[in-house]
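The values are calculated or read from the model by the stated rules, or taken from the named source; none is laboratory data. Fair warning: this is a prediction, and the values are worked out from it, not measured in the lab. A quick note on method: Cβ atoms are made from the backbone with ideal geometry, for glycine too, and the neighbour counts reach across all protein chains shown. These accessible areas exclude ligands, DNA and RNA; they are computed on the full protein's heavy atoms, side chains included. Shrake-Rupley method; radii C 1.70, N 1.55, O 1.52, S 1.80 Å.
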Amino acid sequence: MYFTLQSPLDMHLHLRDEMMLYQVAVHSAKSFAGGLVMPNLVPPVTSIETLLAYKERILTACGNEKFEPLMSLFFRNDYSYEFLQKAKPYIYALKLYPSGITTNSEGGVNSMDIENLRATFEAMSELEIPLCVHGETNGFVMDREAEFGSIYEQFASNFPKLKIIMEHITTKHSVDLLSRYENLYATITLHHLLITLDDVIGGAMQPHLFCKPIAKRPEDREALLHVALSGDSKVMFGSDSAPHPLHKKECCGCAAGVFSAPIALQVLVELFEKHNKLENLQAFISNNARVIYNFIPLAKEVILEKKPFLVPNNYGDVVPMFAGAELAWSIKNVH
Ligand code: NCD
Ligand code: ZN
């Protein structure tokens, strides 16, 4: 049995830099036509020059694979209109991180007060630059995303022309917001469709499943699954594949991030097949993102085959999700 995807896109992806970039980029480039590259490098990507240089390094790391890095800038509330206008041809989004909320977000925004953000949000609305948000407060870990909900609502209602993408949503509450605001969209990861907090800390602790936002309750996972499997035009796939070297995961003070890029398509096909929703996978993996971001991806056909794929235990010094497991689907051909 075969299943073909046209130009799969990963709309939330961490490719890192230097050695790690060369280790991981090719695994996204092999199976995806493009990906929205997160700007949380050290230091973060905040200028056009560093963004273009980073894009060049990504393309070099992708070798001969056909892959378009869709670049994003790290959100700052002091960017001028002129700067954003100049940046617009090179970027797909600005990514807003509350300061200190996740890996390399120290330079993020300190206050979500609308007045603090108004000038930038207005410029982005006018220039039609989407806003991607890591939506967590610094409250109790299980409530952080729900607490951020009212901030999303303020953003959405005060800036109706701004496209706001709630990144890597993990709760039923966030899913419910999608239908209430025309300008709210979301990415959903692979791991949040599959796991709950139980899988991370319910038994022996699983550092390779530890990420931000943390996986939540079974009813949250159900809501995410429901909206993804339905092909709802408000949601798109964003792996949030976030590699960290083994010594930063299997240690005291484990870094947050799940590395799923090399296995994402194979597992998504299995999941959609299991739920008899294969016909909606193309929308989730590519078509919705094309409409939301208003662009045409590189042409790339990925043919998957229902044939076992043994996931490597590691890719260099990074351990992938499902390390050592046998998946039902594998990638047969890409062209
Ligand atoms: C990401 C990372 O490692 O850069 N970590 C994560 O747990 N998802 C940052 C992020 O997207 O929060
Ligand atoms: Zn991320």
Proximal charge balance of Lys306 [Cβ under 14 Å; K/R count +1, D/E count -1]: -1
Antiparallel bridge percentage (DSSP; both residues within the chain; nearest 5): 30
Cα gyration tensor, the chain - rounded (a/c under 1.5), prolate or oblate: rounded
Prolate/oblate/rounded call for the range 175-319, Cα gyration tensor, a/c under 1.5 rounded: prolate
Over 32 Å (Cα to Cα) - which of Lys234/Lys274; Lys216/Lys332; Lys66/Lys86; Lys66/Lys172; Lys55/Lys277; Lys66/Lys277 fall in this group: Lys216/Lys332; Lys66/Lys172; Lys55/Lys277
Paramagnetic label zone (point 7 Å from Cα along Cα-to-C-beta, Glu126; backbone N under 19 Å) in the range 73-110: 76-91, 93-94
Cα-based shape type of the range 68-188, given that a ≥ b ≥ c are square roots of the gyration tensor eigenvalues and the cut on a/c is 1.5: prolate
Gap separating the Cα centres of the range 21-93 and the range 260-335, nearest whole Å: 22
Computed FRET value (nearest 0.05) for Leu298 with Asn138, which takes r as the C-beta separation and R₀ as 41 Å: 0.60
Total charge dipole magnitude, the chain, about the Cα centre, Cβ charges on Lys, Arg, Asp, Glu only, Debye to nearest 20: 620
10 Å Cβ shell holding at most 15 others, DSSP loop, GluC sites (Glu not before Pro): longest site-free stretch of the chain: 1-105
Chain lengthening between Ser99 and Lys161 when straightened (0.36 nm per residue, less Cα-Cα): 19.8 nm
Angle between the chain longest axis and helix 264-274 axis [Cα atoms, degrees, rounded to 10]: 70
Label-point gap, in nm, between Val42 and Ala328 - each point 7 angstrom along Cα→Cβ: 4.1
Candidates per trypsin sites (Lys or Arg not before Pro) in the range 229-277, loop by DSSP, up to 13 other Cβ within 10 Å: none
Area accessible to solvent at Val141, 1.4 Å probe radius, in Å²: 50
Sequence-separation-based contact order of the range 164-295, relative, with Cα cut under 8 Å and 6+ spacing, percent: 27
Approximate spin-label separation Ser233-Glu219, in nm, with each point projected 7 Å along Cα-to-Cβ: 3.0
For the chain, calculated [θ]222 nm from helices alone, where every DSSP H run of n ≥ 4 adds -39500 (n - 2.57): -9500 deg cm²/dmol
Distant-in-sequence amide H partners of Lys212 (H built 1.01 Å from N, under 5 Å): Gly257
Spacing of the two label points (7 Å from each Cα toward its C-beta) at Tyr2 and Met205, in nm: 4.7
